[in-house]
Every structure is written in structure tokens, then in C-alpha cells.
Amino acid sequence: MMTTATLELPELWMELKDPTLMASLMEAQGKSARYIAKAAGYKSHTYVQRLLRGQAKNLEPIPAARIAHDLGVPFNLLFRTRVSGDSAQNVRKERAA
């Protein structure tokens with residue numbers, strides 16, 4: 001008898017590598033937290049300020065991509081990709097056991 005395993009896709013988010021680098025890029029280009037927040041699609045600049053202070057690290061892929069694009073730098077210079085939860089590979093391992 002074969003059972004159907006429920007496959008949950010892992011969550012994907014971006015982690016800001018270095019808040020100081022992001023702040024330096026913004027300063028060099030004369031871009032404020034409000035400007036970056038608007039470019040990222042946020043309604044408020046508060047989360048960008050938290051990122052810059054190191055109080056927050058994670059953001060969703062689309063805002064992260066918009067920030068990197070707006071600052072004119074490669075995505076992986078500012079962000080690293082993070083995945084949570086079990087991957088499909090882990091589910092296959094559990095079934096085989």
C-alpha cells in the first residue's frame with residue numbers, strides 16, 4: 001500500500017549580509033531609507049531603518065532584489081539566500097527509511 005506524503009515547500013527569504021555596506025552604498029548615492037523603502041515596495045521606511053541598524057536581517061526575495069537593483073550592485077553582494085523547513089530531498093529520505 002502506497003501512502004501519499006504531504007510535501008511542504010520550504011520558505012525562502014534573504015538575509016542582509018552587512019548593514020554597514022548597504023548604508024555606505026546608500027550614503028555614496030545620496031539615497032535615504034525612505035527612498036530605498038519606496039524602491040523595495042514598502043509603505044514605510046521603518047523596516048529599512050531596522051535593517052540598517054542590524055535589528056532585522058531578513059526580508060523577502062522581491063524587496064531584496066529591488067534594493068540591490070536600485071543600489072546598482074549584484075544581489076549576492078548584499079544578500080544571502082536562506083531556506084527554512086524540510087526540503088523535498090529530506091522528505092524522500094524519510095520515505096526511504
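The values are calculated or read from the model by the stated rules, or taken from the named source; none is laboratory data. What you see is a predicted model, and the numbers here were worked out from it, not measured in a lab. Quick reminder, even Gly has a Cβ in these numbers, built from the backbone with ideal geometry, and neighbours come from all protein chains shown.
Within region 70-82, residues that are modelled with pLDDT of 95 or more and surrounded by 17 or more Cβ atoms within 10 Å (Cβ to Cβ) have Cβ atoms under 9 Å from residues that are assigned to a strand (DSSP E or B) and not small (Gly, Ala, Ser) in these pairs: LEU78/MET14; LEU78/LEU16; PHE79/MET14; PHE79/GLU15; PHE79/LEU16; PHE79/LEU59, counting only partners at least 6 apart in sequence or on another chain. The residues of region 35-56 that are closer than 16 Å to HIS69 by Cα and of a type outside the set (Gly, Ala, Ser), listed by number, are TYR35, ILE36, LYS38, TYR42, VAL48.
When region 52-69 is filtered for residues that are under 14 Å from LEU25 (Cα atoms) and surrounded by fewer than 16 Cβ atoms within 10 Å (Cβ to Cβ), only HIS69 remains.
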